[in-house]
Amino acid sequence: MRVLLIGAPGSGKGTQGALIAERYRIPHISSGQLLRGHVERGSELGLAVEPYLIRGDLVPDDLILSMITDELAGPGAAGGYVLDGFPRNVTQAEAAEKTAELDDRLDAVLFLDLPPREVLDRLAERSRQSDRPDDRKEATVQHRLRVYEDRTRPLLDHYRRRGMLVPIDAVGSVDEVAARIAAVLDRSDR
Ligand code: AP5
């Protein structure tokens, strides 16, 4: 099972990615979590990407590509994965299609479709307990949403044209959204 999750910040990629990983016993590869791990460890990559994460900008494609290509080539991903947050733009998708044959290997590209009002509500709720620097300021959250609209939304057409995009209504409880996803993935897992 190889699944890709696309959606706005706060649309539930991390939440649903973890549930998909548990249900199908595959690793959850989250580009954001991997990057935050590098920042916490103070690695060379972490030092390079931290300013982008704080501002809510996408980190440069070459940095993210080498990190994710290593993950996909590792033994942990040999039996499948749920990829959350990558690719984030068409350039990343095309590069991963060349280096990791990403599109040939995918069973589904799930688009978590959540109206902007609900996205803002969920991120506002999380910001009360979050230690993520990009959640703290309303202006940074708004910037992340603009980056999503400008850079990531065109990816939807990229996968729609290939007949791979499956929109998932992301409104409702965590369990309701998980059940919609399971209905799609159980069909493609036969
Ligand atoms: P990333 O970590 O990918 O963050 P994001 O896209 O901003 O998404 P979030 O983690 O905020 O939200 P989510 O969709 O995972 O939703 P969640 O499940 O948490 O990226 C962070 C940064 O890393 C980027 O800004 C960029 O700098 C960099 N980056 C990452 N990938 C990159 C790439 N490929 N290229 C370049 N740069 C990259 O849910 C949100 C909240 O809602 C939570 O509190 C959750 O508990 C709650 N919630 C979830 N589902 C429900 C529900 N059904 N009902 C009610 N509440 C819910």
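How many residues does the range 161-182 hold that are more than 24 Å from residue 32 (Cα to Cα) and away from the ligand (no atom under 16 Å from the Cβ)?
3
Name the helices (runs of 4 or more DSSP H) wholly within the range 65-147 that hold at least 1 residues that are under 14 Å from residue 159 (Cβ atoms) and more than 13 Å from the ligand (Cβ to nearest atom)?
The helices (runs of 4 or more DSSP H) meeting that bar are 90-99, 102-105.
What are the pairs, 6+ residues apart or on separate chains, where a residue within the range 1-30 that is within 21 Å of residue 93 (Cα to Cα) has its Cβ under 6 Å from a residue that is open to solvent by 40 Å² or more (accessible area, probe 1.4 Å) and at pLDDT 95 or above?
17/28; 28/18
Does the range 34-50 contain any residue that is within 14 Å of the chain's Cα centre (by Cα), touching a residue at least 40 places away in the same chain (Cβ under 8 Å) and outside any loop (DSSP other than H, G, I, E, B)?
Yes, the range 34-50 contains a residue that is within 14 Å of the chain's Cα centre (by Cα), touching a residue at least 40 places away in the same chain (Cβ under 8 Å) and outside any loop (DSSP other than H, G, I, E, B).
I need the full set of residues from the range 1-31 which are open to solvent by 20 Å² or more (accessible area, probe 1.4 Å), more than 6 Å from the ligand (Cβ to nearest atom) and of a type outside the set (Ser, Thr, Tyr), in order please.
1, 2, 18, 19, 22, 23, 25, 27, 28 - these are the residues of the range 1-31 that are open to solvent by 20 Å² or more (accessible area, probe 1.4 Å), more than 6 Å from the ligand (Cβ to nearest atom) and of a type outside the set (Ser, Thr, Tyr).
If we keep just the residues of the range 66-92 that are modelled with pLDDT under 95 and hydrophobic (A, V, I, L, M, F, W, C), which is surrounded by the most Cβ atoms within 10 Å (Cβ to Cβ)?
The extreme case among them is 68.
Could you please give the count of residues in the range 75-102 that are under 21 Å from residue 48 (Cβ atoms) and more than 14 Å from the chain's Cα centre (by Cα)?
Counting residues in the range 75-102 that are under 21 Å from residue 48 (Cβ atoms) and more than 14 Å from the chain's Cα centre (by Cα) gives 4.
Considering (1) modelled with pLDDT of 95 or more; (2) among the charged types (D, E, K, R); (3) over 18 Å from residue 13 (Cβ atoms), say which one residue 113 fails and leave the rest.
Against the list (1) modelled with pLDDT of 95 or more; (2) among the charged types (D, E, K, R); (3) over 18 Å from residue 13 (Cβ atoms), residue 113 comes up short only on (3).
Output the number of residues of the range 43-61 satisfying the condition of being more than 10 Å from the ligand (Cβ to nearest atom) and either at pLDDT below 95 or hydrophobic (A, V, I, L, M, F, W, C) (or both).
Of the residues in that region, 3 qualify.
Among the residues in the range 32-42, are any open to solvent by less than 10 Å² (accessible area, probe 1.4 Å) and near the ligand (Cβ under 7 Å from one of its atoms)?
no
Take residue 82 and decide whether it is in contact with a helix residue (DSSP H, G or I) (Cβ under 6 Å, 6 or more places away or on another chain), under 30 Å from residue 185 (Cα atoms) and of a type in the set (A, V, I, L, M, F, W, C).
yes
Taking the range 159-173 on its own, how many of its residues are over 26 Å from residue 91 (Cα atoms) and open to solvent by 70 Å² or more (accessible area, probe 1.4 Å)?
The total comes to 1.
With the checklist (1) without any contact (Cβ under 8 Å) to a residue 60 or more places away in the chain; (2) buried (at least 17 other Cβ atoms within 10 Å of the Cβ) in hand, flag the one item residue 111 doesn't pass.
Exception for residue 111: condition (1).
The values are calculated or read from the model by the stated rules, or taken from the named source; none is laboratory data. All values reported here derive from a predicted model rather than from experimental measurement. Heads up, the Cβs are rebuilt from the backbone with ideal geometry, glycines too, and the neighbour counts pull from every protein chain shown. SASA here: full protein model, heavy atoms, side chains in, ligands and nucleic acids out. Shrake-Rupley method; radii C 1.70, N 1.55, O 1.52, S 1.80 Å.
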